[in-house]
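Working notes for the structure below.
The values are calculated or read from the model by the stated rules, or taken from the named source; none is laboratory data. Everything numeric here is computed off the predicted structure, so don't read it as measured data. For neighbour counting, all protein chains shown are included, and Cβ atoms are generated from backbone atoms with ideal geometry for every residue, glycine included.
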Amino acid sequence: MSATIIETVDITKIYGMGDISVAALNGINLKIEAGEFVAIMGPSGSGKSTLMHILGCLSQPSSGQYILDGEDVSHLDKAQLAAVRNRKIGFIFQAYNLLARTSALRNVTLPLLYNHVDAKLSVEDGDQKARAMLELVGLGERVNHQPHELSGGQQQRVAIARALINDPVMVIADEPTGNLDSRSGEEIMNLLHKLHGQGTTIVMVTHDPKIATHTQRTIVLKDGVIDTINHNGQHHPAAEVQHEAA
Amino acid sequence: MKPLEAIRIAWEAILKNKVRSLLTMLGIIIGVAAVIIMVAISAGTEATIQDQITSLGSNLVFVQGAMTRGGPGQAPTGGLVYDDAAAIQDGVSGVKAVVVEQNSSETVKAGDVTLEDVEILGTTTGFPSVRDMDISEGRYFTEQEIERKTKVAILGYDVAQELFGDASPVGEYIKVGNTQIAIIGVFKEKGLVGNTDFDSRIYMPISVVFQKFTPSMFARFMGDSVRMIYVEVEDGVNQDTVIAGIERLLVKRHDVTTDTEDFTITTQQDIISTRESTTAAFRSLLAWVAGVSLIVGGIGIMNIMLVSVTERTREIGIRQAVGATPADIRLQFLTEALMLSVVGGLIGTLVGISGAYIFGALSDMRTVIQASSILLAFGSAAAVGAFFGYYPANQAAQLDPIEALRYE
């Protein structure tokens, strides 16, 4: 039985006020089930970043409803949104966004600092969990390395471990391979596949059709609305390389 | 975020920028050290004054003349005259000794050495015992020498040094104004008591001073005016009774009423109180000055925290993305500001204590480190940190996560 993780009802996002207002999103209706691996694509200005920010609870829709994991988060305040991000969402960014001069271990435990719900988790247990996560992403030997001592691919894997530490209901990946060479990019995609195989829900924003074919579904945005949804088939990205353009 | 975590993060942030953190703390360090050292100096001064005054004994009553200006064609009336002293000695019970003082300022010459504006103090035989002065060489003058207006003098320690160096002045002659005076003794070093430098004066029989240095055309009718009469009260006699007795006597002698008195009577205790209030005012002035430097230090902290918030915008964005609430961010930066001021306060306290100690050891000023000043300085430093840290912390807390993550 699969639960719905994301459900949006007529989401809009309007920037500016009065005459000069611009609608970045113009009524998005979207449903993503647990365990799905979904790509959001679209040219720049299509609203994909805005949608990602709303789905990631980094900002709020101007109107419409966003139900995340059964909870309506459309009207939460800043602090409540932060708590939702902490408990339910793991972020992977294009630029890794690790804390400089901070060890891989401390970067991974960062979300635990702000976990007000499971505050009972002791520092030792948290560290142990973080080590396990670093092991999972293949960096078990590098827990004490700082970001500048790691390659781009390794830094991104630290970021993935950080995204997973609070057992989120979904991971949002924003161009996760955008800053990486093709080999490292491939490693990261393989890692995302591995996580997906273990049941993690992943929403990935990308402008690269080739990367998008790794996923099960590609949602293409254009001018703030969903243009097309492509079903890429199940778990066989290699077979989908010949994906037909929308 | 747990407070302990906030402290750890703040500590790490401070260590990542050691030089900058130290420079930021400098204002607080100087402020706190200044408060402690300045309070220690003024408390030391106060203690020294207290000691000096109490060493004189507390059974002295000072009667001072308050001159009233006469109208046109009238002589300036009032003030104390020499005969008042004898009248107090004879007419008021409970009086042990009476000493009279009259002073003048003269040019003094001894051989090639000339000193300008030396205080010449004419006094009586009771002076050394009432004011606790000891002769180191020679002798003090006698009752007979006062009566005969013998031109003799006893030098204060500093005057003797300046006029004769290490040579013995006893038996030498000096010229005071136009008068030749024989030196018969030198006082031991006494130092400063209140505002009076006992070592830089020349002491003479009061009659000589009246005749040579403060002659008055009215003296013939009214008696020679004097500056001050010291009355030593007998042990076990109530000081207030003696004061009342002196007042009654002088009102009658001077033909004034209690409202138009031409003299004032003060006690050792009054002088102590005046001193205390002056040093207290001095101390609070110093504390204010030091307080201002604490505020300047606080502004320095605010400045650096604002820079730090801007520099770490991306870090703030990352923390927000992984779930830091505005309150978490505020706590983090407020803790950092507080830690800068508290660590600065601690260093300042160490600098202040050792500074006050070294200052006391190296100079002839006494310093007394006050626990209250340490608490005050340290408390103000923490308050300054909290006050000036709040605004930058709040700026950080208000950042939009998307903007912050985009910040390069």
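A few remarks follow.
- Exactly one residue among A:Gln80, A:Gln94 is facing chain B (nearest Cβ under 9 Å) and polar (S, T, N, Q), and that residue is A:Gln80.
- B:Ala110 vs. criteria touching a Phe, Trp or Tyr at 6+ places or on another chain (Cβ under 6 Å) and either modelled with pLDDT under 90 or not aliphatic (A, V, I, L, M) (or both): no
- Residue in region B:384-392 that is out of contact with any helix residue (DSSP H, G or I) (no Cβ under 7 Å at 6 or more places or on another chain) and surrounded by fewer than 22 Cβ atoms within 10 Å (Cβ to Cβ) present: no
- Residue in region A:53-74 that is surrounded by the fewest Cβ atoms within 10 Å (Cβ to Cβ), counting only those that are more than 10 Å from chain B (Cβ to nearest Cβ) and of a type in the set (A, V, I, L, M): A:Ile67
- For first residues located in region B:1-29 and within 14 Å of chain A (Cβ to nearest Cβ), partners that are β-branched (Val, Ile, Thr) and lie 6+ apart or on another chain with Cβ distances below 8 Å form the pairs B:Pro3/B:Thr335; B:Ala6/B:Thr335; B:Ile7/B:Thr335; B:Ile9/B:Thr335; B:Ala10/B:Thr335; B:Ile14/B:Val343.
- Check on A:Pro147, surrounded by 17 or more Cβ atoms within 10 Å (Cβ to Cβ) and at the interface with chain B (Cβ under 9 Å from one of its Cβ atoms): no
- Residues that are surrounded by fewer than 20 Cβ atoms within 10 Å (Cβ to Cβ) and under 19 Å from the mean Cα position of the chain (by Cα) are absent from region A:100-108 altogether.
- The condition of being away from every other protein chain (no Cβ under 14 Å), farther than 22 Å from B:Gly323 by Cα and among the β-branched types (Val, Ile, Thr) holds for only one of A:Ile6, A:Ile32, that being A:Ile32.
- With respect to the conditions (1) over 19 Å from A:Leu221 (Cβ atoms); (2) buried (at least 16 other Cβ atoms within 10 Å of the Cβ), A:Ala39 falls short on a single one, namely (1).
- When we screen B:Arg314, B:Arg283, B:Arg275 for residues that are in contact (Cβ under 8 Å) with a residue 60 or more places away in the chain, assigned to a helix (DSSP H, G or I) and within 14 Å of chain A (Cβ to nearest Cβ), the only hit is B:Arg314.
- Residue in region B:309-320 that is closer than 23 Å to B:Met38 by Cβ and not acidic (Asp, Glu) present: no
- Those helices (runs of 4 or more DSSP H) of region B:190-262 in which 2 or more residues are farther than 25 Å from B:Tyr140 by Cα and in contact with a helix residue (DSSP H, G or I) (Cβ under 8 Å, 6 or more places away or on another chain) occupy B:239-254.
- Hits in region A:9-38 (condition: over 24 Å from A:Gly70 (Cβ atoms) and of a type in the set (A, V, I, L, M, F, W, C)): A:Ile14, A:Met17, A:Ile20, A:Val22, A:Ala23, A:Ala24
- Filtered residues of region B:359-407 (kept if under 17 Å from B:Gln320 (Cα atoms), in contact (Cβ under 8 Å) with a residue 40 or more places away in the chain and not in a helix (DSSP H, G or I)): B:Gln398, B:Leu399, B:Tyr407
- Within region B:287-330, being buried (at least 20 other Cβ atoms within 10 Å of the Cβ), among the charged types (D, E, K, R) and within 21 Å of A:Asn107 (Cβ to Cβ) holds for B:Arg312, B:Glu315, B:Arg319, B:Asp328.
- Scanning region B:160-177 for residues that are part of a loop (DSSP other than H, G, I, E, B) and of a type in the set (A, V, I, L, M, F, W, C) returns B:Ala167, B:Val170.
- Just one residue in the set A:Arg131, A:Arg162, A:Arg142 is within 12 Å of chain B (Cβ to nearest Cβ) and in contact (Cβ under 8 Å) with a residue 24 or more places away in the chain; that residue is A:Arg162.
- Given (1) under 19 Å from A:Leu113 (Cβ atoms); (2) in contact with a Pro (Cβ under 8 Å, 6 or more places away or on another chain), index of the condition B:Leu306 fails: (1)
- Residues being crowded, with 18+ Cβ neighbours inside 10 Å and under 28 Å from the mean Cα position of the chain (by Cα) - total across region B:134-156: 2
- Test: residue in region B:377-386 that is modelled with pLDDT under 95 and either within 14 Å of chain A (Cβ to nearest Cβ) or in contact with a Lys or Arg (Cβ under 7 Å, 6 or more places away or on another chain) (or both): no
Residues are listed down the side, and each one gets a yes or a no for (1) in contact with a Leu (Cβ under 8 Å, 6 or more places away or on another chain); (2) assigned to a helix (DSSP H, G or I); (3) under 27 Å from B:Ser372 (Cβ atoms):
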position: B:Thr264; (1), (2), (3): no, no, no
position: B:Gln269; (1), (2), (3): no, yes, yes
position: B:Thr279; (1), (2), (3): no, yes, yes
position: B:Ala287; (1), (2), (3): yes, yes, yes
position: B:Met302; (1), (2), (3): no, yes, no
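- Each residue in region B:335-374 was checked for being surrounded by fewer than 16 Cβ atoms within 10 Å (Cβ to Cβ) and under 22 Å from B:Gly389 (Cβ atoms), and 0 of them qualify.
- Test: A:Gly47 is at pLDDT 95 or above, of a type in the set (Gly, Ala, Ser) and buried (at least 22 other Cβ atoms within 10 Å of the Cβ): no
- Scanning region B:320-346 for residues being facing chain A (nearest Cβ under 7 Å) and either assigned to a helix (DSSP H, G or I) or more than 24 Å from A:Tyr96 (Cβ to Cβ) (or both) gives a total of 5.
- Checked against (1) in a loop (DSSP other than H, G, I, E, B); (2) surrounded by fewer than 16 Cβ atoms within 10 Å (Cβ to Cβ); (3) touching a residue at least 24 places away in the same chain (Cβ under 8 Å), B:Gln180 passes all but condition (1).
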